[in-house]
1. Add -39500 (n - 2.57) for each DSSP H run of 4 or more in the chain, then divide by its residues: what number comes out at 222 nm, to the nearest 500 deg cm²/dmol?
2. Using C-alpha positions alone, give me the convex hull volume of the chain per residue in cubic angstrom.
3. With only alpha-carbon pairs counted, each pair once and no self-pairs, how large is the Kirkwood hydrodynamic radius of the stretch 207-328 in angstroms?
4. Within the chain, what is the longest stretch that has no GluC sites (Glu not before Pro) placed in a DSSP loop and near at most 10 other beta-carbon atoms within 10 Å?
5. Evaluate the distance, in nm, between pseudo-label points positioned 7 Å from the Cα of VAL341 and of ALA126 along their respective Cα→Cβ axes.
6. Would you mind finding the longest exposed-site-free stretch of the chain, with exposed trypsin sites (Lys or Arg not before Pro) meaning DSSP loop and at most 15 other Cβ atoms within 10 Å?
7. Mind checking which aspartates and glutamates have their C-alpha under 16 Å from LYS137, skipping anything on the same chain fewer than 8 residues away?
8. If the only charges are +1 at each Lys and Arg Cβ and -1 at each Asp and Glu Cβ, what is the size of the charge dipole of the stretch 188-366 around the Cα centre, to the nearest 20 debye?
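Please treat every number below as a calculation from the coordinates, not as lab data. Source: prediction; values computed, not measured. Cβ coordinates were reconstructed from backbone atoms using ideal geometry, including for glycine residues, and neighbour counts include every protein chain displayed.
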Amino acid sequence: MALEAEIEQNRKNIRSDSLTMSVGEVVNMYRDREIIIQPEYQRLFRWDIEKQSRLIESLLLGIPLPPIFVSANEDGVWEVIDGLQRISTILKFMGELREEPTEQLMDPEPLVGTRYLPSLDRITWAESSRAFSGSQKIEFKRARLDFRILLKESDKKVRYDLFDRLNSGGAITSAQEVRTAILLMEHPEFYRWLDSLRNLDDFSSCVPLTTRQKEEQYDIELVLRFVALYFSESTKLRALSDMDAILTERALELAGDSDFERAAIGQNFSAVFRILSSLGPDAFRKFDNAKKKPVGAFSVSAYEAVTQGIYEHLESWLVVPEQDRDLKLLACVSELWVDDVFKKNSGAGVRPTQRIPHMRLVGSRIFAP
């Protein structure tokens, strides 16, 4: 009976509908702002031209596509939950995709030949020697797309749970990209706060990332790690079973907490990285005590321990004279890498669930100036 009751209760929380619409109707809705893509979502649009061309091929040939999931907000406007790549590809090809918030139309890109339609090579929508003919444009605009609509009467929590389930292992490649979309649905101001912190010069100078890592928003994840780990109880950290799960859970909890003082915490975050900026990337690289210098690549274990330790003793570090600060920092970093607890709970092969509960304690102990 318990299962039946749970099924019945949660069915009431989920109200949905289904529609089939033409490409032309979807474009008109987008023009009229009746279907929206959050500006930050466009950062997740990175299908290459080969994938974009295969989608256009599928629409032209009538190859069935998975449904697009949208959520209706209080005004009845649809927000895309899953299907960003497909809708953005169609809009961009037709010259309709806007660059938010400037409202400038993005430049279309010529298609490339596909398996079944090699003559798509260099085809465009706009008038040119390689453009769709008038009849081809009509046929394309009549192509059908299936939509599943999560109605506004549904429980709000269902939206981000649905997004998480749809995108785990899908086109969006990182857990942080999914978290970003979840936050944008429920707490866009919290995401923008995280975004402002990852753009601080002192933070960027300490955490040099590859282009791919930036595309996958690893820098935002590192900001969130800093905040989530510091403002999580030790008992909760010891009980965690999945790092991504706790980051998502804490992000949503902190975003909805009216007592969470973002302005003050942002200032402290800035101060921590201002202190570390003199070391730059060396702050989070392995310290080779034989060579007496940092070596190797960025270590997330060191990032967690160092930043948590500095934050724990921030006031004390702020009064250390600048001429003495570098030597003290290097001495602490050196001590970290020979610490038995740190060595046992960091490095390759150690699961985050084993590592995380120890990093704040280790950092607090070692980085007391």
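1. Values: 19 runs with 199 residues, N = 369.
It comes out at -16000 deg cm²/dmol, rounded to the nearest 500.
2. Values: hull volume 70.6 nm³, N = 369.
Normalising the Cα hull of the chain by residue number yields 191 Å³.
3. Values: mean 1/r = 0.0626 Å⁻¹.
Final number for the Kirkwood radius of the stretch 207-328 is 16.0 Å.
4. Details: sites that count: GLU74, GLU103, GLU127, GLU233.
So the longest stretch without any such site is 234-369.
5. A separation of 6.2 nm, rounded to one decimal place.
6. Details: sites that count: ARG15, ARG33, ARG46, ARG115, ARG122, ARG130, LYS152, LYS291, LYS292.
So the longest stretch without any such site is 153-290.
7. GLU25, GLU57, GLU96, GLU127
8. Values: 23 positive and 27 negative charges, 155 e Å.
Charge dipole, the stretch 188-366, about its Cα centre: 740 debye, nearest 20.
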